[in-house]
Amino acid sequence: MGRISRHNTLVDALLQWGAPRLRDLPWRRTRDPWHILVSEVMLQQTSVDRVLPKYDVFIQRFPRPHELAESPLGDALHLWSGLGYPRRCRNLHATASQIVQNHDGCVPSQLDALLALPGIGPYTARAVQCFAFEDVIAVVDVNVSRVLSRIEGTSMAARPLQEMADALVPQDSAWAWNQVMMDFGAQHCTARSPQCTTCPVRRMCRWKGNGEDPALGSAGVSRPQLRFSGSDRQARGRAIKAVINGVTTSAEIVNEMQLSHDTARAKRLLNDLVTEGLLMRRGSRFNLP
């Protein structure tokens, strides 16, 4: 089977398998660029189940970039609480301001303009282009990277991975194809328990579950994360949550961070949060920005 023929067969098989099985997600029911941008930022390193309840509330409060840009960051952090990675919320707030100031309140469709927005990388920019504007481009997340590496039977660097993904995108159904690829990786060709025996493209897969997983060395595939329990990230999250809940004094926040035994570390982390604009200090008290 030639390369083009193999690719066409692969695309047809996955679309036939996946199109009827697509998960019904709220950001898949819209082509609103702002709503899709919000969903993609929320989904960075965060599961769909955690994002779902937060997305609806956030969109209701900030249905357009103007509403977010004109609100204090603290209002957004209130709604963001529970998603983790508050820098993403801060970046989204800054992005809303830039969209209002530089793009008349409309999310840009050009790749360079999207990449110039705070916290927007190649994946998120391409996701907005495809899912909002239906551009014929490939969106390569961790699931797509894993699927393509296994199908090819080899670990792949970022550039050849993107090139292969771009070559597969069907001209008449780019939106559906990218969604199917993500769902296939998230639900069938999973990281820990790939369902190889019932795989709709097993015949074309060069790995088939045999031997070392080629996805492990591929670009974008997650490595085991550092332990969250006891980490700086956990303590920072506790600090922000404490302030959201009305705790304002330094001593009380340190206690909520569970760092009363290590006040030097707590002070460093609080200073970092202030420097990053995620908290404001007034004397010995802290507030949301």
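Just so you know, all these numbers are worked out from the coordinates, no wet-lab data involved. Just so it is clear, the model here is predicted, and its values are computed rather than measured. Cβ coordinates were reconstructed from backbone atoms using ideal geometry, including for glycine residues, and neighbour counts include every protein chain displayed.
R0 = 30 Å: FRET efficiency of THR248 with PHE133, Cβ-based, nearest 0.05?
With a Förster radius of 30 Å, E is 0.10.
Magnitude of the Cβ-charge dipole of the chain, K/R +1 and D/E -1, about the Cα centre, nearest 20 debye?
My answer is approximately 900 debye.
Return the calculated 222 nm mean residue ellipticity for the chain, to the nearest 500 deg cm²/dmol, obtained by summing -39500 (n - 2.57) across DSSP H runs with n ≥ 4 and dividing by the residue count.
One gets -16500 deg cm²/dmol as the mean residue ellipticity at 222 nm.
What net charge do the residues around ARG238 carry, taking every other residue with its C-beta under 15 Å from that of ARG238, with Lys and Arg at +1 and Asp and Glu at -1?
+1
Add +1 for every Lys or Arg and -1 for every Asp or Glu among the other residues with Cβ under 15 Å from the Cβ of THR248, and state the total.
+3
Quote to one decimal, in nm, the extra length available between HIS66 and THR263 on full extension: 0.36 nm per residue of separation minus the C-alpha distance between them.
So the chain would gain 66.9 nm between HIS66 and THR263.
Sort GLU212, GLU256, GLU40, GLU70 so the one with the fewest other Cβ atoms within 10 Å of its own Cβ comes first.
With the fewest neighbours first, GLU212, GLU256, GLU40, GLU70 line up as GLU212, GLU70, GLU256, GLU40.
For region 32-133, calculate the relative contact order in percent as a whole number, restricting contacts to Cα pairs under 8 Å that are 6 or more residues apart.
Over region 32-133, the number comes to 32 percent.
How big, in percent, is the set of alpha carbon pairs in region 29-93 lying more than 19 Å apart?
The share of Cα pairs beyond 19 Å in region 29-93 comes to 20 percent.
So what's region 232-287 giving for Rg/Rh, alpha carbon basis, Kirkwood Rh from the mean inverse pair distance?
0.90
Go through region 147-155 residue by residue and turn each phi into a ³J(HN,Hα) via Karplus (6.51, -1.76, 1.60, θ = phi - 60°); whole Hz please, and just put x for glycine and proline.
With the stated coefficients, region 147-155 comes to 4, 5, 5, 5, 4, 7, x, 8, 5 Hz.
Multiply the residue separation of SER284 and ASP172 by 0.36 nm, subtract the distance between their alpha-carbon atoms, and state the gained length in nm to one decimal.
Between SER284 and ASP172, full extension yields an extra 34.4 nm.
Fully extended, how many nm does the chain gain between GLN101 and HIS7 (0.36 nm per residue separation, minus their Cα-Cα distance)?
Using 0.36 nm per residue and subtracting the Cα-Cα distance, I get 29.5 nm.
Show log10 I(q)/I(0) for the chain at q = 0.08, 0.16 Å⁻¹, two decimals, from a solvent-free Debye sum over equal Cα scatterers.
Scattering profile of the chain, log10 relative to I(0): -0.41, -1.23.
Along the Cα→Cβ direction, 7 angstrom out, place labels at THR30 and ASP232. What is the inter-label distance in nm?
Inter-label distance under the simple model: 3.5 nm.
Would you list SER155, SER39 from fewest to most Cβ contacts within 10 Å?
Ascending Cβ contact count within 10 Å gives the list SER155, SER39.
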